[in-house]
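Coordinate-derived values only; no laboratory data. Small disclaimer: the values here were computed from a predicted structure and weren't measured. Don't worry about glycine lacking a Cβ; one is built from the backbone with ideal geometry, like all the others, and counts go over all protein chains shown.
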Amino acid sequence: MPTLIDLRRRIQSVRNSQQVTQAMKTVATARFKKAHRQVVERRPFWHSFPGLAVSLSQASGQSLHPFLEIRPEKRIEVIVITSDKGLCGAFNSNLLALAMTFLEQKKEKAALEVVTIGRKASTHFKRLKYPVIGSYAEGVDKRVAEISRELGRHLEYRFVFKQVDAVYVIYNEFRSIIAPRITISRLLPLAAATAEIPAETPRPDWEPEASRIIDYLLGFYLRYQLEHYLLESQAAEQASRMMAMENATKNAGELISDLVLLLNKIRQASITRELLEIQTAVEALKQQGV
Amino acid sequence: MNPDRDERLQLRVISPARLLVEAEVLEVQLPGLDGYLGLWPGHRPLNACLGPGQIIFRTVLGREERLDIKGGLVRVADDKILVLTDMEDDDRA
């Protein structure tokens, strides 16, 4: 049976943890709102951009840009996006587990290279045998534009000069507050689905010529797409942290009420015992005739 | 040049930061590279680059609205006009 003082200390310490988780939840909620607004405002662009690029390249009827060239996947670059900080539930571990299965699958047929974004991914891949050719950790959330530009240039160079044949991105897509959806998407080559355009649609006019329009459009592709992945991942991260902290706060509350109940029981038992002892002493003295 | 009253164009103007315009319009003028392009319902499919200028469109209420853009790209198909604009061109000459 724990003593009262121990129990009181324990309750106080749980209460302190609860305050911390509560505060973290508040912070995560504020950050989440910001990230979420950004994602929602930018989604129209992200959703129309790749579709437009693909449909334009189809309409032109030929492969006009190096990004559209599909080669056998001999060398693959995989970009893994996690968060810098922990305490966000299974956000990182689920993603890394999926990334590992993906890498295991691909490693038979192709040479793999990994780019990690976020500290969790960096430390994870440090211990493994996959070659990590780039790593962005610390303050990823503040450098989204810079990172996506730099990485975009790097990927463009490597893909156009045929140093890699495909680029995949593994990231948490923000779907709902409850749970993020882990997504693997192919960044390069740009998927030109083989669906034929119906013959009766009139061929579009191009102004200037198709190759220049596609060149212009795809010049932005990598950068904005990477920005998309990073921002989605951040919104998802804040949402999962919010959920994780809310659960922690709730659990702490339950623990406190259990402990308080136990404390009260022990306190009452000791009062009863003391009363009993006094009473016994009084009775004993009476019998001795004092 | 007098369009049927029922015919409308779906105009969507999107920048990387957000959706700028989503509207049903009667006519649109876009700043093409060699001067303004006027678009009416029933226009044939067109893909074009845009220069800096104003997108001028007349809404179904007959009101004329203007939007400044720095350049971009337009796709016209099936009376749907999709304009992507204000993509930053910082590292390309």
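Just a few scattered comments:
- Dipole orientation for region B:9-85: of the candidates B:G62, B:Q29, B:C49, B:C49 has the Cα lying most toward the positive pole (charges on Cβ; Lys, Arg +1; Asp, Glu -1).
- Residues in region B:58-72 carry Karplus couplings, in order, of 9, 7, 4, 7, x, 8, 9, 10, 10, 9, 7, 10, 9, x, x Hz; the curve used is 6.51 cos²θ - 1.76 cosθ + 1.60 with θ = phi - 60°, and Gly or Pro positions show x.
- Computed over the protein assembly as shown, Kirkwood Rh from alpha-carbon pairs, angstrom: 25.1 Å
- Modelled spin labels at A:K250 and A:K142, positioned 7 Å past Cα toward Cβ, are 3.4 nm from each other.
- The mean sequence separation of alpha-carbon pairs under 8 Å and at least six residues apart, normalised by the residue count of chain A, gives a relative contact order of 31 percent.
- FRET efficiency for A:I184 and A:T272, using Cβ-Cβ distance with R0 set to 56 Å, rounded to 0.05: 0.30
- Within the protein assembly as shown, percent of DSSP bridges classed antiparallel, to nearest 5: 60 percent
- Summarising the amide proton neighbourhood of A:A137: residues at separation of 5 or more, or on other chains, whose placed amide H is nearer than 5 Å comprise A:G118.
- Of the peptides B:62-69, A:150-157, the order by per-residue mean of other Cβ atoms within 10 Å, starting with the highest, comes out as A:150-157, B:62-69.
- Note that region A:260-267 has calculated 3J(HN,Hα) couplings of 5, 4, 4, 4, 5, 4, 5, 4 Hz, one per residue in order, obtained from phi through the Karplus relation 6.51 cos²θ - 1.76 cosθ + 1.60 (θ = phi - 60°); glycine and proline are x.
- Amide H within-cut-off set for B:L37, under 5 Å, with H built and near neighbours excluded: B:L30, B:G32
- Options B:L19, B:L84, A:M242, ranked by Cα towards positive dipole end of the protein assembly as shown, top entry (Cβ charges): A:M242
- Ordering of A:270-281, A:255-266, A:107-118 by burial proxy (mean other Cβ atoms within 10 Å per residue, highest first): A:107-118, A:255-266, A:270-281
- Placing +1 on each Lys and Arg Cβ and -1 on each Asp and Glu Cβ, with no other charges, gives region A:38-160 a dipole about its Cα centre of roughly 300 debye.
- Distance distribution P(r), region B:9-85, all Cα-Cα pairs, bin width 5 angstrom from 0: 4, 17, 32, 29, 15, 3, 0 percent.
- Other protein chain Cβ atoms within 10 Å, averaged over every residue that makes up B:13-22: 5
- Note on A:214-221: average number of Cβ atoms from other chains within 10 Å of each residue's Cβ is 3.
- Adding -39500 (n - 2.57) for every DSSP H run of four residues or longer, then dividing by how many residues chain A holds, sets the calculated 222 nm ellipticity at -21500 deg cm²/dmol.
- Estimated vicinal HN-Hα couplings, Hz - region B:33-48 in sequence order (Karplus 6.51, -1.76, 1.60; Gly, Pro = x): 5, 10, x, 6, 10, x, 10, 10, x, x, 5, 7, x, 8, 10, 8
- Ranked by the mean number of other Cβ atoms within 10 Å of their residues, highest first, the peptides B:13-20, A:139-146, B:54-61 come out as B:13-20, B:54-61, A:139-146.
- Length released on extending from A:N16 to A:N94, taking residue separation times 0.36 nm less the Cα-Cα span: 25.2 nm
- Peptide A:43-54 shows a mean partner chain C-beta count of 4 within 10 Å per residue C-beta.
- Summing Cβ point charges (Lys, Arg +1; Asp, Glu -1) relative to the Cα centre of the protein assembly as shown gives a dipole of roughly 1960 debye.
- The H on the amide N of A:A166, modeled in the peptide plane, is under 5 Å from the matching H of A:R75, A:E77, each at least 5 residues off or on a different chain.
- Annotation: aspartates and glutamates with alpha-carbon distance below 19 angstrom to A:K126 (same-chain offsets under eight excluded): A:E77, A:D84, A:E104, A:E113, A:E138.
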